[in-house]
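Only one structure is covered here, and it is reproduced in the block below.
Each value in this text was obtained by applying a stated rule to the coordinates, not by laboratory testing. Keep in mind it's a predicted model, so treat the numbers as computed, not measured. Because the Cβ atoms are built from the backbone with ideal geometry, glycine has one as well, and the counts that use them run over all protein chains shown.
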Amino acid sequence: MHKETLAIMTFRKIGLALTAALALCAAPAYADTSIGGGVFWTHDGSTDFGLTGSYNLFGLPLVPIKIQVSGAVPFGNGGRFAASLEGEYQIHRFYAGAGLGAGRMNSFGSGGAMYDFFGGVRVAPFTSIQGRYYGAMSGSPGSSTYLGVAFGLK
């Protein structure tokens, strides 16, 4: 065999081994779902009660990070919402993370791209205190700060 053929075969074997290792590292989602209620303070000056929720898609066991989707809906003037794809790091009772998504946290203007940061602490079984910040990537969607209680399998 030629040296090029051996090199290609070796490269393919390494690639196959890395692909298999990555597939084994991505653990299936376990039932890590939460729903919470609390207070939203938006930068347009309103204070509203609302709901948040998250659903774990999958975890990475070698790196203790979970990938999840989340949503937030402040009740009040005119159809505010946020939805994002997030990464969450958890250690003992504490968790924190960040995400990217879309939404509208203003009572005026249109929706657009948003980012979020969040953190929380479990205070009892299936109960945690959680804070979130939603920010706009441009001025139109607005921003909001959230503090509330989340219930679920976190």
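Here are the numbers for the structure shown:
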quantity	calculated
Set of the stretch 121-154 residues, backbone N closer than 15 Å to the point 7 Å along the Cα-Cβ line of ALA96	121-122, 130-133
Mean separation of Cα contacts under 8 Å, 6 or more apart, over the residue count of the stretch 27-152: relative contact order %	23 percent
Translational diffusion coefficient (Stokes-Einstein; Kirkwood radius from C-alpha pairs) of the stretch 27-152 at 4 °C, 1.567 mPa s, in µm²/s	89 µm²/s
DSSP-loop chymotrypsin sites (Phe, Trp or Tyr not before Pro) across the stretch 70-154, with at most 10 other Cβ within 10 angstrom	PHE108
